[in-house]
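Working notes, structure below.
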Amino acid sequence: MISASQPTDAVLLARAHLSLVAGSCVGEQADLTALSALVAEVGPIEASNRISSGDFVFASKNAMSGGGAVGLARRHLEEIGRCGGRLVVPEDAEWPGERLAPPSEGGRRDRGSGEPLALWVRGPHCLSEFLGKAVAVTGARAASPYGVQVASEFGSDLAANGVTVVAGGAYGIDEAAHRGALTTDGRTVAVLPCGVDVAYPVGNSVLLERISREGLLISEYSPGVVPARQRFLARNRIVAACSDGLVVVEAGRRSGTSYTARITAVLGRVVMAVPGPITSATSVGCLELMRDGRAIPVGSTEDILKALQSRTDGVGGNRTMPASQAVRPEAAS
């Protein structure tokens, strides 16, 4: 059930405006950092006013500023309402604040991993309650039959144990994990690299629509926004932030999953990987994570739950990845 505590209309409009502006700055880390700092300093309403009046200047020419963006943000709020969604903001009791706090590594902010200014949500459940106990299951889009079977079984078994299954709505491992959770009428969350009203990937449109009815669709991006490379990376960051741990079922070398694993580790949450055939290209990423000590090998749902419990108890299971070992993805997945 969604909390009755709601932010004011003025705050919602300001946050919708800031979300729109942040989306236009995707890939421009200096602007995103400056925007977050401005909101933290003066609050969302004053930050929105300064941007719309031109008093706050962005370094990037792509940044959306000026008064016209406020009108567009107002239309986005109307659009999200028409599709049965809402904007969830930090001023809302539904906001999962502790989950989304920006990670740090060695006392400094990690590049590209700040707390979102708002989240667009479709689904009947309270976001903070839904993420109370959650595991991300992700991996290759071009998954093998082995990977699909494992992801589906993990999704089903985790959901049956009261764990929310978080994934990115993509083909392959993500899709299998979502479907597995739904087979037990369990909880699942799809984090999208686009607006929650955009069916992406198109081939999963029926699945995503079902998740919007039975689970939750969430995104940093305003209604109508289409996917772009940097938005996949941002999507992966939110996937990591929404979970207590990450299970990498299959992954190629230097995939977007490597970035998700890195952010998960920086957050101090447990990274797990599934052993696979050494002859399979989709096992290379998992093998590297395990070989380098960046992931715990898991072969069952029981292994996953034990690893999560170890993290909670503070005994093992909490693998952190030094910056020197970080792998930047050449392509997001």
In region 121-150, the residues that are part of a helix (DSSP H, G or I) and under 30 Å from Pro277 (Cβ atoms): Pro145, Tyr146, Gly147, Val148, Gln149, Val150
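Find the residue count for region 245-266, including only residues that are in a loop (DSSP other than H, G, I, E, B) and buried (at least 24 other Cβ atoms within 10 Å of the Cβ).
Number of matching residues: 4.
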Residues of region 192-217 that turn out to be outside any loop (DSSP other than H, G, I, E, B) and either without any contact (Cβ under 8 Å) to a residue 24 or more places away in the chain or in the same structural domain as Thr138 (by TED's automatic domain parsing) (or both), as a count: 4
Yes/no for Glu79 being in contact (Cβ under 8 Å) with a residue 60 or more places away in the chain, in a loop (DSSP other than H, G, I, E, B) and not basic (Lys, Arg): no
Pairs with Cβ under 7 Å, 6+ apart, first in region 131-159 and within 20 Å of Ile238 (Cα to Cα), second acidic (Asp, Glu) and assigned to a helix (DSSP H, G or I): Thr138/Asp174
Test set (1) out of contact with any Pro (no Cβ under 9 Å at 6 or more places or on another chain); (2) surrounded by 14 or more Cβ atoms within 10 Å (Cβ to Cβ) - Ser36 fails condition number: (1)
Number of the condition not met by Ala101 [criteria: (1) at pLDDT below 85; (2) closer than 20 Å to Ala16 by Cβ]: (2)
Sole residue being surrounded by 24 or more Cβ atoms within 10 Å (Cβ to Cβ), at pLDDT 95 or above, assigned to a strand (DSSP E or B) and out of contact with any Cys (no Cβ under 6 Å at 6 or more places or on another chain), chosen from Val271, Val166: Val271
Breaking point among (1) in contact with an Asp or Glu (Cβ under 7 Å, 6 or more places away or on another chain); (2) assigned to a loop (DSSP other than H, G, I, E, B); (3) modelled with pLDDT under 95, for Ala234: (2)
Pairs where the first residue, in region 218-234, is on the phi > 0 side of the Ramachandran plot and the second is assigned to a loop (DSSP other than H, G, I, E, B) and not hydrophobic (A, V, I, L, M, F, W, C), C-beta under 6 Å, 6+ apart: Gly224/Gly195
Options Asp185, Asp157: the member that is in contact with a helix residue (DSSP H, G or I) (Cβ under 6 Å, 6 or more places away or on another chain), acidic (Asp, Glu) and modelled with pLDDT of 95 or more: Asp157
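The values are calculated or read from the model by the stated rules, or taken from the named source; none is laboratory data. In this text, all values refer to a predicted model and were calculated from it rather than measured experimentally. Ideal geometry is used to build each Cβ from the backbone, glycine not excepted, and the neighbour counts take in all protein chains shown.
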